[in-house]
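Please read the structure below before turning to the comments.
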């Protein structure tokens, strides 16, 4: 957030001293801006490494705990729960949860910090303009709540559909001799294709929801920019 501040200072030095020698001031500001960029790059690299490492550690512990919990279940549990679904929970679901806990949490905290600093700088520069710009927060918040609820439902449906497709593939591959004996390869391919197509449709709905949310957000921001 300090980069725009230094860039503004550089522009002020250039345009407020068009005929004077401002080489020393410009050099100091450019050096400060370079240090800011280097420190930001180093901090971002450390953040990515730490979050990736912690994310993998969380996923590893989740998979171990889940596998241990599965093995402690009653035999009746395995009669009503298919192997493919359990495998999907051990693989993709744990990875998704680890991603949500680490990267999404990290991005959220970073966004909160940047927003707090940005709002403070806006009020420092122009309180009236900052108040006007912040009027965009309520409509975006409403959109975010609606989008979050819809996306949560889609994500759950996507994971369930993926579990069903994995379950179907595991069962058919495990019984490949029976399928070959009855010559049902194409029938099973069609069944699996149908499940995968359902998964694709859910993924497209999720992509459409993301595109609609970010498009609406940018439209509101652009409208506020033109009005201001």
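Computed from the coordinates by the stated procedures, all read-outs in this text should not be read as laboratory data. Just so we're clear, the structure is a prediction, and the values are computed from it rather than from any experiment. Quick reminder, even Gly has a Cβ in these numbers, built from the backbone with ideal geometry, and neighbours come from all protein chains shown.
Before moving on, here are some points about what is shown:
- Relative contact order (%) - criterion: Cα under 8 Å, at least six apart; region: the range 73-179: 59
- Summarising the label geometry, the points placed 7 Å from Cα in the beta-carbon direction at residue 197 and residue 173 lie 2.3 nm from one another.
- Modelled spin-label separation between residue 184 and residue 97, with each label point placed 7 Å from Cα along the Cα-to-Cβ direction: 3.4 nm.
- Across the range 127-228, Cα pairs under 8 Å and at least six residues apart give a relative contact order of 51 percent.
- Each residue in 210, 63 was given a count of other beta-carbon atoms within 10 angstrom of its own, and listing them fewest first yields 210, 63.
- Residue order for 49, 150, fewest other beta carbons within 10 angstrom first, comes to 49, 150.
- Taking each residue as 0.36 nm, the span from residue 216 to residue 71 lengthens on full extension beyond its C-alpha to C-alpha distance by 47.5 nm.
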